[in-house]
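Everything below concerns the one structure shown next.
The values are calculated or read from the model by the stated rules, or taken from the named source; none is laboratory data. Keep in mind that this is a model prediction, so the values were computed, not measured. Quick reminder, even Gly has a Cβ in these numbers, built from the backbone with ideal geometry, and neighbours come from all protein chains shown.
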């Protein structure tokens with residue numbers, strides 16, 4: 001790895017305690033925090049390592065040396081994780097919180113996905129059976145739990161009756177029985193060898209954070225700032241304990257129930273033990289183990305787990321804390337295991353031999369060959385940049401923030417115009433800006449004349465390209481009129497023509513403005529009885545015909561196309577970028593970084609990929625091998641993996 005400083009070449013090459021690189025894998029090892037809230041934890045009991053999963057789609061394996069191995073599994077947030085008993089395979093539930101629900105199993109050693117299965121409804125529980133023979137997936141449906149083969153993802157028929165919605169699934173060590181808790185107020189036991197219900201107990205409804213403890217004799221859950229403890233052998237409530245913002249964490253074989261409380265200032269670790277008496281098992285009063293100060297203000301603990309004697313706490317801002325769980329009379333101050341080491345790059349563009357990057361506070365020029373970082377201006381809240389003549393057009397996606405131009409010679413920034421509603425897309429064609437406002441209008445801004453005009457209005461608009469002075473091509477949802485995902489609009493007469501592109505929606509259009517009769521490339525998603533597919537197509541305006549370039553049997557609405565001469569780049573399939581020569585039909589796959597690719601730009605000498613975590617991966621044109629992964633540190637230097 002290298003550390004590169006402003007106006008200097010690499011100033012440090014060697015091993016740093018905070019970060020090392022893996023030669024044979026594309027994960028990164030560092031103490032960098034998640035870029036969003038940590039949503040789930042999973043502990044490996046064999047070596048005391050643990051995984052954190054975040055809303056940033058990253059899974060990080062933390063080891064005893066305090067370092068984390070980072071790898072982004074998804075562009076979506078990860079809500080649930082389950083670690084296979086072998087300690088290598090891990091299941092994750094990814095979702096957009098609305099319509100996309102995916103469960104996948106990964107081999108962490110090889111960083112490969114074994115399978116992915118899509119569900120129509122929210123996943124409420126995720127766990128492997130004790131020997132790892134099956135993966136149990138709870139769904140928010142009447143049918144409830146689905147069992148999958150953890151190697152292939154095929155459905156395995158195990159329980160003959162619908163389980164309904166459950167948020168806790170636990171199997172016996174022999175895998176011959178299972179117990180499930182339903183928010184409807186049921187604790188149900190199943191015979192897994194016969195697929196039949198053994199017994200069902202009525203109990204407290206709407207419990208969250210449901211766990212078993214004391215050799216599965218007791219079940220505990222949270223409702224209305226109370227911990228409800230249930231006798232798992234009959235469903236009776238044996239205790240209700242008041243607790244401030246409690247977070248339960250346990251494994252069924254733990255003799256005691258651990259939980260944390262937070263009163264707004266201090267976190268307290270407590271435990272509840274059980275004891276056997278002549279009348280049966282009894283619950284003891286909570287005992288305070290220790291108190292500590294930690295994340296406050298806008299930050300808060302979102303996940304807690306225990307690995308041996310180590311207590312793990314993860315937070316809303318993506319930090320991870322560890323402390324021991326041994327009793328202490330003193331109030332301890334938690335120190336995060338993680339650091340916020342990097343300054344995220346939001347956009348990148350090539351101008352001649354240089355690349356211009358946009359961070360939250362600055363705009364800078366750089367080059368892979370020199371490693372120099374030269375700040376060219378400050379950033380006042382912009383997230384996107386487009387090269388234009390001797391400067392940069394600055395804009396912010398999803399807002400009404402003014403569109404501006406920065407002169408790279410004078411460093412002066414001037415306002416071009418302020419949109420009427422939020423801008424979804426803005427693109428440059430010669431001296432004209434084409435932009436979509438609010439998914440309903442395609443507008444044109446003439447930079448030289450300073451005038452605006454409305455070219456097309458509709459609904460479900462996704463993208464638009466100005467092909468020449470009179471032809472505008474608009475990608476849209478096919479559910480709105482006219483019912484085609486790609487249309488041609490005459491900018492003078494406003495005549496609209498449906499084009500022979502099928503599918504539910506089209507997006508991410510690109511074409512070579514320097515070529516005569518250039519085809520327009522784009523992406524469309526279509527759904528049929530056989531399933532959903534995402535296709536990259538080419539539309540030929542001169543011939544009015546369409547051809548398919550490549551296709552995947554999945555829905556990928558985040559895919560893009562980007563054209564450089566005859567090379568079509570796309571990240572269809574999410575995991576890596578493909579380079580496809582439309583003339584020779586030669587395809588090269590670009591090896592991915594620890595993070596998923598978001599955008600690609602290039603010049604004659606280098607290809608730069610902007611990743612979702614704000615890092616840059618460098619390539620030679622025509623090669624899929626990563627030259628280096630660069631992260632901009634908060635000190636304004638490149639850190640290289």
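Given the criterion closer than 25 Å to residue 157 by Cα and at pLDDT 95 or above, identify the matching residue among 198, 244.
198
Tell me which residues, restricted to the stretch 567-590, are over 19 Å from residue 625 (Cα atoms) and touching a residue at least 40 places away in the same chain (Cβ under 8 Å).
Within the stretch 567-590, just 582 meets the criteria.
Hey, can you tell me all the residues within the stretch 111-137 that are in a strand (DSSP E or B) and more than 17 Å from residue 86 (Cβ to Cβ)? Walk me through how you get there before you give the answer.
Of the residues in the stretch 111-137, the ones in a strand (DSSP E or B) are 112-119, 123-128, 135-137.
Of everything in the stretch 111-137, those that are in a strand (DSSP E or B) and more than 17 Å from residue 86 (Cβ to Cβ) turn out to be 116, 117, 118, 119, 123, 124, 125, 137.
Please find, among 358, 332, the residue that is in a strand (DSSP E or B), closer than 23 Å to residue 58 by Cα and free of Cβ contacts under 8 Å to residues at least 60 places away in the same chain.
358
Checking residue 527 against (1) in a strand (DSSP E or B); (2) within 17 Å of residue 561 (Cβ to Cβ), which single condition isn't satisfied?
(2)
Can you pull out the residues in the stretch 311-326 that are over 21 Å from the mean Cα position of the chain (by Cα), in a strand (DSSP E or B) and surrounded by 16 or more Cβ atoms within 10 Å (Cβ to Cβ)?
So the first thing to find is which residues in the stretch 311-326 are over 21 Å from the mean Cα position of the chain (by Cα), and the list is 311-312, 321-326.
From what is left, the residues that are in a strand (DSSP E or B) are 311-312, 321-324.
Matches in the stretch 311-326: 311, 312, 321, 322, 323.
I'd like the full set of residues that are more than 21 Å from residue 223 (Cα to Cα), exposed (fewer than 14 other Cβ atoms within 10 Å of the Cβ) and in contact with a strand residue (DSSP E or B) (Cβ under 6 Å, 6 or more places away or on another chain), limited to the stretch 192-209.
198, 199
Please work out which residue is farthest from residue 631 (Cα to Cα), limiting yourself to the stretch 338-351 and to residues that are at pLDDT below 95 and part of a loop (DSSP other than H, G, I, E, B).
It comes out as 340.
Evaluate the stretch 495-507: report whether one residue or more is without any contact (Cβ under 8 Å) to a residue 60 or more places away in the chain, exposed (fewer than 15 other Cβ atoms within 10 Å of the Cβ) and more than 17 Å from residue 546 (Cα to Cα).
Scanning the stretch 495-507 turns up at least one residue that is without any contact (Cβ under 8 Å) to a residue 60 or more places away in the chain, exposed (fewer than 15 other Cβ atoms within 10 Å of the Cβ) and more than 17 Å from residue 546 (Cα to Cα).
Looking only at the stretch 283-299, count how many residues are touching a strand residue (DSSP E or B) at 6+ places or on another chain (Cβ under 7 Å), at pLDDT 85 or above and either assigned to a loop (DSSP other than H, G, I, E, B) or within 20 Å of residue 256 (Cβ to Cβ) (or both).
Result for the stretch 283-299: 11.
Write out, first by first residue and then by second, each pair whose Cβ atoms fall under 6 Å of each other, whose residues are 6+ apart or on separate chains, and whose first residue, in the stretch 448-475, is part of a loop (DSSP other than H, G, I, E, B) while the second is buried (at least 21 other Cβ atoms within 10 Å of the Cβ) and at pLDDT 95 or above.
Listed pairs, sorted by first residue: 460/476; 467/473.
Anything in the stretch 88-109 that is surrounded by fewer than 16 Cβ atoms within 10 Å (Cβ to Cβ) and under 16 Å from residue 51 (Cβ atoms)? List them, or say none.
Listed by number, the residues that qualify are 88, 107, 109.
Checking the conditions here, which among 189, 147, 181 is surrounded by fewer than 18 Cβ atoms within 10 Å (Cβ to Cβ) and either touching a residue at least 40 places away in the same chain (Cβ under 8 Å) or part of a strand (DSSP E or B) (or both)?
Exactly one of 189, 147, 181 is surrounded by fewer than 18 Cβ atoms within 10 Å (Cβ to Cβ) and either touching a residue at least 40 places away in the same chain (Cβ under 8 Å) or part of a strand (DSSP E or B) (or both), namely 189.
Please go through (1) touching a strand residue (DSSP E or B) at 6+ places or on another chain (Cβ under 6 Å); (2) farther than 19 Å from residue 343 by Cβ for residue 377 and return the number of the only condition it doesn't satisfy.
Every listed condition holds for residue 377 apart from (2).
Quick one: how many residues across the stretch 35-50 are crowded, with 23+ Cβ neighbours inside 10 Å and without any contact (Cβ under 8 Å) to a residue 60 or more places away in the chain?
Result for the stretch 35-50: 0.
Checking residue 366 against (1) more than 15 Å from residue 347 (Cα to Cα); (2) touching a residue at least 12 places away in the same chain (Cβ under 8 Å), only one condition comes out false. Which one?
(1)
Given (1) surrounded by fewer than 16 Cβ atoms within 10 Å (Cβ to Cβ); (2) in a loop (DSSP other than H, G, I, E, B); (3) in contact with a strand residue (DSSP E or B) (Cβ under 8 Å, 6 or more places away or on another chain), identify the lone condition not met by residue 414.
If we test residue 414 against (1) surrounded by fewer than 16 Cβ atoms within 10 Å (Cβ to Cβ); (2) in a loop (DSSP other than H, G, I, E, B); (3) in contact with a strand residue (DSSP E or B) (Cβ under 8 Å, 6 or more places away or on another chain), just (2) comes out false.
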